[in-house]
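Participant: I have a structure I would like to understand better, so I am pasting it below and will then ask my questions one at a time.
The values are calculated or read from the model by the stated rules, or taken from the named source; none is laboratory data. Source: prediction; values computed, not measured. Here the Cβ positions follow ideal geometry from the backbone for every residue, glycine too, while neighbour counts run over all protein chains shown. The area values use the complete protein model at the heavy-atom level, side chains included, leaving out ligands, DNA and RNA. Shrake-Rupley method; radii C 1.70, N 1.55, O 1.52, S 1.80 Å.
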Amino acid sequence: MKPFFFFLFSLYVSSLSAQTLKNFSVPKGYTQIAEAKGDLDKDGKDETVLIFNTNIKASYEQNPEGTSKYKRVFYILKKENNALKVWKENSDIVFSSGFGFYPSDNTLTINIKNNCLIIEQQFFTNSRHTQQYKHTFRFQNGDFYLIGLYDHFEDTCDFSFTNEINFSTGQVIVDREYSSCDDDTKVPENSHKEFTHKFPVLIKMNDFFIGDHKFRLPGLKEDFVF
């Protein structure tokens, strides 16, 4: 009796989950800027990921320069009965349409590799500094979780900083390279450190906002912010 009850309960949960998906249509005023296709839940069927520029003005927090920018949003879509249905929607991970010092030079790409969704963004924080992010999400235990992080911050002359995290293994890499455009400037020594850090839980995609998370590593004076 118990196995049969469990089977019926599983069918009910699957049916309920399917019913929560809604048909997708491009909202009025949205412009598609990126697309990727691939199997994210290992069911043998490709999902479609679309990113749009919206017609919704971004908040000050998303655009500290205070200029007129617009939010971006991405959808993960599943195909059911020859129709695309919304599986996931998120506007917190992707920066707004004109974020950064030189908005026209910003880049945003998405890719699906090894059943994981990879989102890469790069922009100028000022006339000399570039910031690059790559976040990798994997579907497991019924949701999408952050499993990989690459964070690269670079100056045209003085430094190149890279942080990497594999959340599944706990491996953390902190790399610091220094240089100078001025031959008379004393350049600090480069450093490369690798740590193993235990992450109590993985972060769900819809609970993740860049810069809102931090932890302290042994031997470092500052927090590791991601």
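Participant: Would you tally the residues in the range 105-127 being polar (S, T, N, Q), surrounded by fewer than 20 Cβ atoms within 10 Å (Cβ to Cβ) and in a strand (DSSP E or B)?
Facilitator: Of the residues in that region, 4 qualify.
Participant: How many residues does the range 153-183 hold that are open to solvent by 50 Å² or more (accessible area, probe 1.4 Å), farther than 16 Å from GLU222 by Cβ, touching a strand residue (DSSP E or B) at 6+ places or on another chain (Cβ under 8 Å) and not hydroxyl-bearing (Ser, Thr, Tyr)?
Facilitator: Number of matching residues: 6.
Participant: Among the residues of the range 81-99, which ones are part of a strand (DSSP E or B), open to solvent by 50 Å² or more (accessible area, probe 1.4 Å) and charged (D, E, K, R)?
Facilitator: Result: GLU89, single match.
Participant: May I ask you to verify whether LYS42 is farther than 15 Å from VAL86 by Cα and modelled with pLDDT of 60 or more?
Facilitator: Taking the combined requirement at face value, the residue satisfies it.
Participant: Considering only residues that are open to solvent by 40 Å² or more (accessible area, probe 1.4 Å) and in a strand (DSSP E or B), which ones fall in the range 192-226?
Facilitator: If the condition is that a residue be open to solvent by 40 Å² or more (accessible area, probe 1.4 Å) and in a strand (DSSP E or B), then HIS192, LYS193, GLU194, THR196, LYS204, LYS214, VAL225 are the ones that fit.
Participant: I've got another one for you. Which one of these does LYS186 not meet: (1) open to solvent by 80 Å² or more (accessible area, probe 1.4 Å); (2) more than 21 Å from LYS214 (Cβ to Cβ); (3) modelled with pLDDT of 95 or more?
Facilitator: Only one criterion is unmet by LYS186, namely (3).
Participant: Check TYR102, TYR75 and return the single one that is open to solvent by 50 Å² or more (accessible area, probe 1.4 Å) and without any contact (Cβ under 8 Å) to a residue 60 or more places away in the chain.
Facilitator: None of the others qualify; the one that does is TYR102.
Participant: Given the condition more than 15 Å from the chain's Cα centre (by Cα), at positive phi and either open to solvent by less than 70 Å² (accessible area, probe 1.4 Å) or touching a residue at least 40 places away in the same chain (Cβ under 8 Å) (or both), answer yes or no: does some residue in the range 137-151 qualify?
Facilitator: Yes.
Participant: Which members of the range 155-175 meet the condition of being part of a strand (DSSP E or B) and in contact with an Asp or Glu (Cβ under 9 Å, 6 or more places away or on another chain)?
Facilitator: PHE159, SER160, PHE161, THR162, ASN163, GLU164, ILE165, GLN171, VAL172, ILE173, VAL174, ASP175
Participant: Which of the following residues is hydroxyl-bearing (Ser, Thr, Tyr), under 21 Å from the mean Cα position of the chain (by Cα) and modelled with pLDDT under 95: TYR70, TYR30?
Facilitator: Just a single option satisfies the conditions, and that option is TYR70.
Participant: So is THR130 of a type in the set (Val, Ile, Thr), in a strand (DSSP E or B) and in contact with a Cys (Cβ under 7 Å, 6 or more places away or on another chain) or not?
Facilitator: So THR130 does not fit the description; no.
Participant: If only one of PHE153, PHE195, PHE215, PHE161 is among the aromatic types (Phe, Trp, Tyr), more than 16 Å from THR136 (Cβ to Cβ) and touching a Lys or Arg at 6+ places or on another chain (Cβ under 6 Å), which one is it?
Facilitator: It is PHE161.
Participant: Which condition does ASN114 not pass, out of (1) out of contact with any Phe, Trp or Tyr (no Cβ under 8 Å at 6 or more places or on another chain); (2) at negative phi, if it passes all the others?
Facilitator: Just one mismatch for ASN114, condition (2).
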